[in-house]
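A.B. asks: Got a structure here, written out as structure tokens. Questions coming.
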Amino acid sequence: MTERPTIGFIGVGLMGHGMAKNIVEAGYKLTVLAHRNRDPIEDLKSRGAVEADSAAAVAEQAEIVFLCLPGSPQVEAVVGEILEAKGACKTIIDSSTANPVSTRALAESCREAGVTLIDAPLSRTPKEAWEGTLDTMVGASEADFDRVKPLLDTWAGKIVRVGDTGAGHTMKLLNNFVSLGYAALYSEALAIGAKNGIDAKTFHGVISGGRMDSGFYQTFMKYVVDRDRDAHKFTIRNAHKDMRYVVSMADQSGIATHVSSSVKNGLATAEAIGRGSDYLPMLSDIVFELNGVATPDGSKS
């Protein structure tokens with residue numbers, strides 16, 4: 001029986017905590033990077049993980065290192081530390097939402113150092129991360145995909161190889177563009193409706209269960225109608241970052257960005273007025289408030 005590789009995990013936040021939990025519970029030896037938020041670290045240690053105080057220290061102990069970080073600047077910095085360490089790490093799996101242009105450049109730097117970079121960004125929520133049923137779209141060669149798939153199986157329910165390195169992050173941005181575009185569309189439609197006598201519950205009663213229903217729609221409206229602040233834990237700040245990456249990728253591809261730029265600008269406005277830490281469904285409140293419309297809970301700017 002082939003010995004399982006040792007695993008490192010850098011970025012045990014909302015998504016990473018659940019992923020790392022499933023990895024260690026599947027029997028893999030896991031090293032996690034220390035973090036100022038001690039709760040996930042202590043939980044993972046209680047399940048058998050060990051803690052390291054730097055990315056280099058993680059790379060010295062782990063043959064495969066997962067990254068789940070805020071964006072490309074952080075990924076670039078950590079990959080640089082890993083390569084400089086020249087430790088046990090021979091494979092990096094980046095589950096962040098990153099800029100594919102940066103990912104492809106990093107892949108070349110890794111290749112020169114004898115390290116394989118795989119991008120496996122995520123879809124769904126921290127709930128599915130904890131349950132081990134995330135979706136992931138993977139950028140890797142067929143051989144590398146087959147090699148790491150048993151590890152991805154520990155935390156993902158749907159795993160799709162979408163191409164070589166960089167393709168995962170490209171597909172993730174397209175996926176997010178669609179969902180963030182819907183968030184902008186729902187928010188504006190709800191505000192127009194509210195201004196013209198159609199409240200959010202009535203709107204929801206018509207759309208829910210119809211052809212325009214979806215899982216994303218349901219979590220979005222769980223906040224709008226039920227005021228569940230934790231229905232979709234994805235910040236407007238992160239959404240804005242993702243749309244900047246989408247527009248940048250489109251610009252470099254020579255694609256006109258009529259819709260993506262509009263979605264990005266709406267999120268930029270929300271962050272500029274101090275609402276970046278709000279979760280995505282709260283974009284509906286912001287659109288209501290900017291238009292002087294009472295939100296579903298009765299408040300009005």
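A.B. asks: Name the lysines eligible as straight-distance cross-link partners of K241: C-alpha to C-alpha under 16 Å, and not fewer than 8 places from it in the same chain.
C.D. replies: K172, K233, K264
A.B. asks: With the Cα gyration tensor of region 1-151 giving a ≥ b ≥ c as the square roots of its eigenvalues, does the rule (a/c under 1.5 for rounded; else a/b larger than b/c for prolate; else oblate) give rounded, prolate or oblate?
C.D. replies: In terms of gyration-tensor shape, rounded.
A.B. asks: Over the chain, with a Gaussian network built from C-alpha contacts below 10 Å, which listed residue (S262, S46, S95) shows the highest mean-square fluctuation?
C.D. replies: With Cα springs under 10 Å in the chain, the top fluctuation among S262, S46, S95 is at S46.
A.B. asks: Given a Förster distance of 22 Å, report the FRET efficiency between V101 and S141 from their Cβ-Cβ distance, rounded to the nearest 0.05. List each step's numbers first, then the result.
C.D. replies: Details: r = 20 Å, r/R0 = 0.89.
It comes out at approximately 0.65.
A.B. asks: Hey, another quick one. Could you state the number of Å between the C-alpha centres of region 1-65 and region 254-301?
C.D. replies: 36
A.B. asks: If the cut-off is 17 Å between C-alpha atoms, which aspartates and glutamates fall inside it for K201, apart from same-chain ones fewer than 8 positions away?
C.D. replies: K201 reaches E188, D213, D226, D228, D285, D297.
A.B. asks: Which residue, chosen from A156, L117, A184, occupies the Cα position most advanced towards the positive end of the dipole of region 78-230, where the dipole is computed from +1 (Lys, Arg) and -1 (Asp, Glu) charges on Cβ about the Cα centre?
C.D. replies: Farthest towards the positive end: A184.
A.B. asks: Roughly how many debye, to the nearest 20, is the charge dipole of region 106-261 about its Cα centre, given +1 on each Lys and Arg Cβ, -1 on each Asp and Glu Cβ, and no other charges?
C.D. replies: With Lys and Arg at +1 and Asp and Glu at -1, about 540 debye.
A.B. asks: Got a number for the accessible area of R104? Probe 1.4 Å, square angstrom, nearest 10.
C.D. replies: Counting only protein heavy atoms, R104 exposes about 120 Å² to solvent.
A.B. asks: Please calculate how many Å² of accessible area region 21-86 carries per residue, with a 1.4 Å probe and no DNA, RNA or ligand atoms counted. Don't jump to the answer; show the numbers that get you there.
C.D. replies: Numbers: 3170 Å² over 66 residues.
For region 21-86, the solvent-accessible area averages 48 Å² per residue.
A.B. asks: Which shape class, rounded, prolate or oblate, goes with region 29-101 when its Cα gyration tensor gives a ≥ b ≥ c as root eigenvalues, a/c under 1.5 marks rounded, and past that a/b bigger than b/c marks prolate?
C.D. replies: Verdict is oblate for region 29-101.
A.B. asks: In whole Hz, with x marking every Gly and Pro, tabulate ³J(HN,Hα) for region 56-68 from phi via Karplus 6.51 cos²θ - 1.76 cosθ + 1.60, θ = phi - 60°.
C.D. replies: Whole-Hz 3J(HN,Hα) from phi for region 56-68: 4, 5, 4, 5, 6, 9, 10, 6, 10, 10, 8, 10, 9.
A.B. asks: Among the DSSP beta bridges whose two residues both lie in the chain, what percent are antiparallel, rounded to the nearest 5? Walk me through the numbers before you get to the answer.
C.D. replies: Numbers: 4 of 28 bridges.
So the antiparallel bridges amount to about 15 percent of the total.
A.B. asks: With a 1.4 Å probe and all protein chains left in place, how much accessible area per residue does region 199-301 have, in Å²?
C.D. replies: Here the per-residue accessible area is 51 Å².
A.B. asks: Which of the DSSP-defined H helices in the chain satisfy a minimum axial length of 27 Å, computed from C-alpha atoms, and a minimum mean Kyte-Doolittle hydropathy of 0.5?
C.D. replies: 167-195
A.B. asks: Further question: Just to confirm my numbers, what's the Cα centroid distance between region 168-224 and region 77-118 in Å?
C.D. replies: Cα centres, region 168-224 to region 77-118: 36 Å.
A.B. asks: I'm spelling it out carefully: the read-out is semi-axes √(5λ) of the Cα gyration tensor in Å, the candidates are (i) 37, 21, 17; (ii) 42, 21, 16; (iii) 29, 25, 21, and one was derived from this structure. Which label?
C.D. replies: (i)
A.B. asks: Tell me, what % of the accessible area of the chain is carbon and sulfur with a 1.4 angstrom probe? The partial results should precede the final answer.
C.D. replies: Values: 7170 of 13940 Å².
Heavy-atom surface of the chain belonging to carbon and sulfur, 1.4 Å probe: 51 percent.
A.B. asks: Further, regarding this structure: Can you spot the lysines whose alpha carbon is less than 27 Å from K86's alpha carbon? Ignore those fewer than 8 places along the same chain.
C.D. replies: Straight-line reach from K86, under 27 Å: K21, K29, K45, K149.
A.B. asks: Hey, another quick one. Would you mind getting me the FRET efficiency between A256 and R36? Use the beta-carbon distance for r and R0 = 35 Å, nearest 0.05.
C.D. replies: On the way: r = 42 Å, r/R0 = 1.21.
Using R0 = 35 Å, I get an efficiency of 0.25.
A.B. asks: Turning to a different aspect of this structure: For the full complex of protein chains and a 1.4 angstrom probe, list H258, H232 by accessible area with the highest value first.
C.D. replies: H258, H232
The values are calculated or read from the model by the stated rules, or taken from the named source; none is laboratory data. As the structure is a computational prediction, the values presented were derived from the model and not from experiment. Methodologically, a virtual Cβ is constructed for each residue, glycine included, from the backbone with ideal geometry; neighbour enumeration extends over all protein chains shown. Please note that ligands, DNA and RNA were not included when accessible areas were found on the heavy atoms of the full protein model with its side chains. Shrake-Rupley method; radii C 1.70, N 1.55, O 1.52, S 1.80 Å.
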